[in-house]
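Engineer: Below is one structure. I have some questions about it.
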Amino acid sequence: MPETLLYSFAFGLSVCTFSLYVYSVYAEYKSRPKDAAHFFEEAQRHESAFFMIVKPPAAFFGHFIALAARRLESRFGRDGVARYLNDLRVRVQRSLVCAGSPESLTADEYLGLFLVSVLFWGAVGATISLAGGSSLFFFLTLIAGILHPWLWLRKKVTQRQNGIRNLLPYALDLLTLSVEAGLDFSTALERITPKLGTTALAEEFGELVRQMRLGRPRAEALREMADRVHMPDVNTFCSSLIQADELGSDLGPVLRLLGGQMRDERANRAEKKAMEAPVKILFPLIAFIFPTVFIILFAPLGIRYLQDLFAG
């Protein structure tokens, strides 16, 4: 009886998932203008074909999440579930900004992506369970659906922060040379940004230059950059420039000191990873390489011994 209920629930979940996906894609299609220029513009904004398929249902569910957050806040205030949901949306938005806003996702769309992932993996587990698989597989696929978007976003944040951390000493050297040559800070940033290519640090420097051009004070623009990237090296860079600006110090020596300090930290991180390598390689060495070597060395002797034993 419990297995029959589980299979019925799994089949219903699969049907509901497919129906909601078809309806969300149809609703997204109907909400878009029919001109071809807008369609290609939307298509070029997405980096992958996968997100062109997944984003319409994610936006559909995200719309209802935002609507539920507003309804809860208007009815119960900022306490209880409404407060938790709003805090969750703020944390997700901050993580998306740290990741560089991948696929132009908003916080509501990312939470909708969670629901899409859970429904998709649940439907996969339900299909396999109905085909004769174990019911445990259904719950494992639900856990995979929960972890998949979180791991994807975490990977995006880590990759972006690592790219900024590795490129920042080189950018500081260029910035130091430009400032010591007589350029002011904003002009020096504008000159070195194209030399950094299409990296994440170039995007952050470009946004910093844009904000200062719009009349934002340098200290405020630097604080916003530190909040966007949310990593210690950039926090040190921004706080040092803000302090030098407040004290009226020359930026050249400050930038040169920061560049040397960050190069030393990068060398220390490389030495630390090199020292951790023998420890990390110990498990695959014992679990995979040593047994293979022992089989190659001692298998012929074992076979010879068994042959002699049975022959005798």
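Engineer: Considering LYS156, LYS195, which residue is in a helix (DSSP H, G or I), of a type in the set (Lys, Arg) and modelled with pLDDT under 90? First the steps, then the outcome.
Structural biologist: Values: LYS156 fails: modelled with pLDDT under 90.
When all the criteria are applied, what remains is LYS195.
Engineer: Still on this structure, I have one more. Hey, among GLY215, GLY248, which residue is at pLDDT below 85 and in the same structural domain as LEU177 (by TED's automatic domain parsing)?
Structural biologist: GLY248
Engineer: Right, LEU222: assigned to a helix (DSSP H, G or I), out of contact with any strand residue (DSSP E or B) (no Cβ under 8 Å at 6 or more places or on another chain) and modelled with pLDDT of 90 or more or not? Even if it seems obvious, please write down each step before you answer.
Structural biologist: Working: assigned to a helix (DSSP H, G or I): yes; out of contact with any strand residue (DSSP E or B) (no Cβ under 8 Å at 6 or more places or on another chain): yes; modelled with pLDDT of 90 or more: yes.
Here the answer is yes, as LEU222 does meet what is asked.
Engineer: Which members of segment 254-303 meet the condition of being among the aromatic types (Phe, Trp, Tyr) and assigned by TED's automatic domain parsing to the domain that holds TYR170? Explain how you work it out, then say what you get.
Structural biologist: Looking only at segment 254-303, we keep the residues that are among the aromatic types (Phe, Trp, Tyr), and these are 283, 288, 290, 294, 298.
Those that are among the aromatic types (Phe, Trp, Tyr) and assigned by TED's automatic domain parsing to the domain that holds TYR170: none in segment 254-303.
Engineer: Might you let me know whether segment 167-177 holds any residue that is polar (S, T, N, Q), in contact (Cβ under 8 Å) with a residue 24 or more places away in the chain and under 21 Å from PRO253 (Cα atoms)?
Structural biologist: The first filter runs over segment 167-177 and keeps only residues polar (S, T, N, Q), leaving 176.
Now drop any that are not in contact (Cβ under 8 Å) with a residue 24 or more places away in the chain, which leaves 176.
Of the ones still in play, those that are also under 21 Å from PRO253 (Cα atoms) are 176.
Yes, that holds for at least one residue.
Engineer: Follow-up question, since we're still on this one. Are there any pairs, at least 6 apart or on different chains, whose C-beta atoms fall under 8 Å, with the first in segment 116-132 and in contact (Cβ under 8 Å) with a residue 60 or more places away in the chain and closer than 20 Å to ILE53 by Cα and the second surrounded by fewer than 20 Cβ atoms within 10 Å (Cβ to Cβ) and of a type in the set (Lys, Arg), and if so, which?
Structural biologist: Short answer, once both residue conditions are applied: none.
Engineer: Within segment 236-260, can you find the residues that are surrounded by fewer than 16 Cβ atoms within 10 Å (Cβ to Cβ), closer than 27 Å to GLU220 by Cβ and free of Cβ contacts under 8 Å to residues at least 24 places away in the same chain?
Structural biologist: Hits for segment 236-260 are SER239, GLN243, LEU247, GLY248, SER249, ASP250, PRO253, LEU257.
Engineer: Criterion first (more than 24 Å from LEU96 (Cβ to Cβ), touching a residue at least 60 places away in the same chain (Cβ under 8 Å), outside any loop (DSSP other than H, G, I, E, B) and in contact with a helix residue (DSSP H, G or I) (Cβ under 7 Å, 6 or more places away or on another chain)) does LEU189 satisfy it? Working first, answer last.
Structural biologist: Working: more than 24 Å from LEU96 (Cβ to Cβ): yes; touching a residue at least 60 places away in the same chain (Cβ under 8 Å): no; outside any loop (DSSP other than H, G, I, E, B): yes; in contact with a helix residue (DSSP H, G or I) (Cβ under 7 Å, 6 or more places away or on another chain): yes.
So LEU189 fails the test.
Engineer: While we're looking at this one, here's another question. Just need a number here: residues in segment 151-162 that are exposed (fewer than 14 other Cβ atoms within 10 Å of the Cβ) and either in contact with a Phe, Trp or Tyr (Cβ under 8 Å, 6 or more places away or on another chain) or among the aliphatic types (A, V, I, L, M) (or both).
Structural biologist: Qualifying residue count, segment 151-162: 1.
Engineer: Quick one: HIS230 ticks every box in (1) over 26 Å from the mean Cα position of the chain (by Cα); (2) modelled with pLDDT of 85 or more; (3) at positive phi bar one, so which box is it?
Structural biologist: The number of the failed condition is (1).
The values are calculated or read from the model by the stated rules, or taken from the named source; none is laboratory data. Since the model is a prediction, treat every value here as computed from it, not as a measurement. Note that we place each Cβ from the backbone using ideal geometry, even for glycine, and neighbour counts take in every protein chain shown.
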